[in-house]
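Q: Here's a structure for you.
The values are calculated or read from the model by the stated rules, or taken from the named source; none is laboratory data. The structure presented is a predicted model; accordingly, all values stated were derived computationally and were not measured. Cβ placement follows ideal geometry from the backbone for every residue including glycine, while neighbour counts extend to all protein chains displayed.
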Amino acid sequence: MKTVGFSRTLFFSTAMLLCVFTAIPVFAMDITGAGATFPYPIYSKWAQAYRAKTGIGLNYQSIGSGAGIKQIEAKTIDFGASDMPLTKDVLEKNGLQQFPTVMGGEVLAINVDGITKGQLKLNGALIADIYLGKIKKWNDPAIVKLNPDLKLPDERITVIHRSDGSGTTFIFTNYLCKVSSQWKSKVGNSVSVQWPVGVGGKGNAGVADYVQQVPGSIGYVEYAYALNNNIAYALLYNHDGKLVEPSSKNFQAAAAGADWKNAPGFRVILTNEPGANSWPITGATFILMHKVQDNPARALEVLKFFAWDYANGGQMAEQLAYVPFPPVVVKTIEDSWATIKSKDGIPVWKAPAAGK
């Protein structure tokens, strides 16, 4: 399969990231993180606001969940970021603490001649068959049947997927496993899979850029990337058979039944959830930190950053179509930080004063 390197959009996104995080000289307590591209837009926005408020900067490498997990395990960064929540066993094995920051949704971005945003309708079975290579053209009878009012072109479908280890891929393939037994048995669910067809782009930005450049293409991206790049996307039929559009309200609907308090490591999967308004490809994004900290002062700065985001960044998140967590869940998250300690066993987080 062909793999696309850094795309034009990803290049500019990286350039903007460097401007945001390096335009001002680095302070002693600037913090470092790496991983998921899914939350990059909101982490960038939070970082700008937090630096303006506190003078503390964030150097965040938007390199994919798989790379973020590897870097935090190697202790080369202060925190890792992943859209794939790690299991309790993996967390314990690596001495890690995990907590969510925001929720969001993925969309099927498309570049189909004559089709604009929200016109095309898809369901899970069709998406799986497209990514399995069984449906090859946009005017396939199965797509036409679901979209009788659209003039679909006799055009080959170019399938776009992630080329890097990706939590966005984990969420997407988790959804496909739930809606297609064939996908589950042949491909499965992970941050990186053996794609039956398609070409790869690096990061959400790389997939978004590829969809924009290639006529007839389809690719899965975090919703903010479709919004920011003005890319058309499909509406989806959800678990209950209702046609829904991507929105903060519908992402929240997918999380309505989530039990964050009792989930080990906050490991909650939000794909294909029941509910009339639930967006079917919804997920949370997570932060990973070591429970025993070599540098407690830096760890405290990380926790203060995210505490500030929870308290002050909700509106910014909503502007980018992410879903912030309600106060009751935030309290549970911050209570869990008591397990993050110095080598002497002293908790790093000293709430509530440390979060002010």
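Q: Determine, yes or no, whether E245 is assigned by TED's automatic domain parsing to the domain that holds G68, in contact with a Gly (Cβ under 9 Å, 6 or more places away or on another chain) and surrounded by 15 or more Cβ atoms within 10 Å (Cβ to Cβ).
A: Here the answer is no, as E245 does not meet what is asked.
Q: Sticking with this one: Taking A234 as meeting all but one of (1) surrounded by fewer than 23 Cβ atoms within 10 Å (Cβ to Cβ); (2) assigned by TED's automatic domain parsing to the domain that holds A128; (3) at pLDDT 95 or above; (4) hydrophobic (A, V, I, L, M, F, W, C), write down the number of the exception.
A: (1)
Q: While we're looking at this one, here's another question. Considering only residues that are of a type outside the set (S, T, N, Q), touching a residue at least 40 places away in the same chain (Cβ under 8 Å) and under 24 Å from V328 (Cβ atoms), which ones fall in the range 219-277?
A: The initial filter retains those residues of the range 219-277 that are of a type outside the set (S, T, N, Q), namely 219-227, 231-237, 239-246, 249, 251, 253-261, 263-270, 273-276.
Now restrict to residues that are touching a residue at least 40 places away in the same chain (Cβ under 8 Å): 219-227, 231-237, 239, 243, 245-246, 251, 254-255, 260-261, 264-270.
Across the range 219-277, the qualifying residues are F251, A254, A255, W260, K261, P264, G265, F266, R267, V268, I269, L270.
Q: Please work out if V159 is more than 25 Å from Q71 (Cα to Cα), of a type outside the set (D, E, K, R) and in contact with a helix residue (DSSP H, G or I) (Cβ under 8 Å, 6 or more places away or on another chain).
A: Here the answer is yes, as V159 does meet what is asked.
Q: If you don't mind, there's one more thing I want to ask. (1) under 19 Å from V221 (Cα atoms); (2) modelled with pLDDT under 95; (3) buried (at least 16 other Cβ atoms within 10 Å of the Cβ): which one isn't true of F12, the others all being true?
A: (3)
Q: Within the range 287-323, track down each residue that is part of a loop (DSSP other than H, G, I, E, B) and in contact with a Ser or Thr (Cβ under 6 Å, 6 or more places away or on another chain).
A: K291, A321
Q: Looking only at the range 61-89, which residues are among the charged types (D, E, K, R), surrounded by fewer than 21 Cβ atoms within 10 Å (Cβ to Cβ) and under 20 Å from T173 (Cβ atoms)? If you could, list the steps in order and put the result at the bottom.
A: Filtering the range 61-89 for residues among the charged types (D, E, K, R) gives 70, 73, 75, 78, 83, 88-89.
Narrowing the set further to residues that are surrounded by fewer than 21 Cβ atoms within 10 Å (Cβ to Cβ) leaves 70, 73, 75, 88-89.
Passing the criteria: only K70.
Q: Please enumerate the residues belonging to the range 98-116 that are closer than 16 Å to G219 by Cβ and more than 21 Å from the chain's Cα centre (by Cα).
A: Across the range 98-116, the qualifying residues are N111, V112, I115.
Q: Filter the range 324-355 for residues that are assigned to a strand (DSSP E or B), farther than 15 Å from Y43 by Cβ and in contact (Cβ under 8 Å) with a residue 40 or more places away in the chain and give the result.
A: Here is the first cut: in the range 324-355, the ones assigned to a strand (DSSP E or B) are 324, 341-342, 347.
Imposing the further condition that a residue be farther than 15 Å from Y43 by Cβ reduces the set to 341-342, 347.
Passing the criteria: K341, S342.
Q: Looking only at the range 37-89, filter to residues that are among the hydroxyl-bearing types (S, T, Y) and more than 13 Å from the chain's Cα centre (by Cα); which one of those is farthest from F305 (Cα to Cα)? Lay out the reasoning, then the answer.
A: Our first condition is that a residue be among the hydroxyl-bearing types (S, T, Y); within the range 37-89, this holds for 37, 40, 43-44, 50, 54, 60, 62, 65, 76, 82, 87.
If we keep only those that are more than 13 Å from the chain's Cα centre (by Cα) as well, we get 44, 50, 54, 60, 76, 87.
Working: S44: 12, Y50: 7, T54: 10, Y60: 13, T76: 19, T87: 25 Å.
Among those residues, the one meeting the criterion is T87.
Q: Then there's this: Which one of L300, L270, L288, L320 is at pLDDT below 95 and crowded, with 16+ Cβ neighbours inside 10 Å?
A: L320
Q: Conditions: (1) touching a residue at least 60 places away in the same chain (Cβ under 8 Å); (2) closer than 24 Å to K88 by Cβ; (3) part of a loop (DSSP other than H, G, I, E, B). T282 meets all but one. Number of the miss?
A: (3)
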